[in-house]
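What follows is one structure encoded as structure tokens, with my remarks underneath.
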Amino acid sequence: MERFAFLFLIIGILITGCQSTDDSKNPDVSLTPVSSFSHAHGLAVDPFDENKLYIATHEGLFVLIDGKNLYRVGKKQDDYMGFSAHPSVMNTFYTSGHPRTGGNIGIQRSQDGGVTWQKLSDGISGPVDFHSMTISPADPNLLYGWYGALQRSQDGGKNWELVPSDLKQVISLTAHPKEKDTIFATTAKGIQVSKDQGKTWGTLSEQLGSAAVIALAVSPSDSNHMLSSSDPLGFQKSIDGGKSWQKIEQDAGVILFIAYNPKNPNRVYALNTEGVIYSSTDAGEHWSMFFGQ
């Protein structure tokens, strides 16, 4: 019961609102300096500028530059739940979630680094609110989202289809960096893996079979190297494709999101429930505080 109470707490953190960060004093600029962000829903290193770390939040998109300068991106302060950076097209992001005025966003895309957004689709039975979304680095036309069931787009997010499966209690989705048909889902009962674009699923690791896995990241250079965060096992690392896991000794609290630097996979970032970002320069062996209090 304690474990499921923890899971509900984490889901509550990912879904519910929180207090606003600093408002823009000059709404005409695309980047507004701020001192903090809150209630994050996503984390991604810019594939074309490794000095930029993007944080999708309940109140819009933020970018951390050089590890010290934080900015709100654009004027929008919508709730960006599912968030993915395009792996091969500069300044292109996808998101879902809630408009600030209420309702659901559906699926939208930005082609100017998150300053403005254009709606692509409502999704199936939408407008959807994907709390988790991922794009395949191996085939960027292939996107997945979770809205009570798995949905898939094969044309860059314009058209979507339901993918019938027995997948349940999904917390996050992660596409394999090199195998276009492979996708991972973290769930309330471990990590599930599909080798056929979500049609059939199997347990990735018996070791994590009873754990509520919150986050998963796969190294873009070596898919045998993975990092995960779970209850009750904490922050862990795998070097055999997720079959076995070893605990990472760190004092970073509960990790919600993990992001590899695509250009330098030894550099990894992790964001915890308090909004503090940690970094590793040795592929996750050791961690230090990067930004926050």
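Every number in this text was worked out from the coordinates using simple rules, so none of it is lab data. Please read these numbers as outputs of a predicted model, since none were measured by experiment. All Cβ positions, even for glycine, are placed from backbone atoms using ideal geometry, and neighbour counts span all protein chains on display.
May I ask you to derive the relative contact order of the chain, considering only C-alpha pairs under 8 Å and at least 6 residues apart, and to give it as an integer percent?
Numbers: 804 pairs, mean separation 30.5, N = 293.
Reported as a whole number, the value is 10 percent.
Listed by chain and number, the lysines whose alpha-carbon sits under 30 Å from that of residue 243, ignoring those within fewer than 8 places in the same chain, are 168, 178, 180, 189, 195, 199, 263. Protection proxy ranking, highest mean first, for peptides 200-207, 46-53: 46-53, 200-207, where packing is the per-residue count of other beta-carbon atoms within 10 Å, averaged. The mean sequence distance of close C-alpha pairs (under 8 Å, at least 6 residues apart), as a share of the length of the stretch 90-225, puts its relative contact order at 15 percent.
Candidates 171, 286, 120 compared by Cα position along the dipole of the chain: farthest toward the positive end lies 120, with charges placed on Cβ. Bridgeable lysines around residue 75 (alpha carbons under 26 Å apart, same-chain partners fewer than 8 residues away excluded): 25, 52, 119, 158. Listed by Cβ neighbour count within 10 Å, with the fewest neighbours leading, 226, 289 appear as 289, 226. Coordinate range of the alpha-carbon atoms in the stretch 184-293 per principal axis, descending: 41, 29, 21 Å.
Each peptide in 80-88, 98-106, 190-198 receives the mean, over its residues, of other Cβ atoms within 10 Å, and ordering these scores from highest gives 80-88, 190-198, 98-106. Relative contact order, whole percent, for the stretch 165-293 stands at 15, derived from Cα pairs under 8 Å and 6 or more residues apart. The calculated pair-distance distribution of the stretch 73-112 uses every alpha carbon pair, bins of 10 angstrom beginning at 0, and gives 30, 55, 15, 1 percent.
Once Rh for the chain is found with the Kirkwood sum over Cα pairs, what is the Stokes-Einstein diffusion coefficient at 10 °C and 1.306 mPa s, in µm²/s? If you can, show how the numbers build up before the last one.
Numbers: Rh = 18.8 Å.
The Stokes-Einstein estimate is 85 µm²/s.
Each of 291, 37 was scored by other Cβ atoms within 10 Å of its Cβ. Arranged with the fewest first, they read 291, 37.
Mean residue ellipticity, 222 nm, helices only, the chain: the sum of -39500 (n - 2.57) across DSSP H runs of n ≥ 4, divided by residue count and rounded to 500, is -1500 deg cm²/dmol. Over the stretch 243-293, the fraction of Cα-Cα pairs per 5 Å bin, rounded to whole percents and listed from the shortest bin up, is 5, 22, 30, 27, 13, 3, 0. Exposure proxy for 213, 63: other Cβ atoms within 10 Å of each Cβ, ordered fewest to most, give 63, 213.
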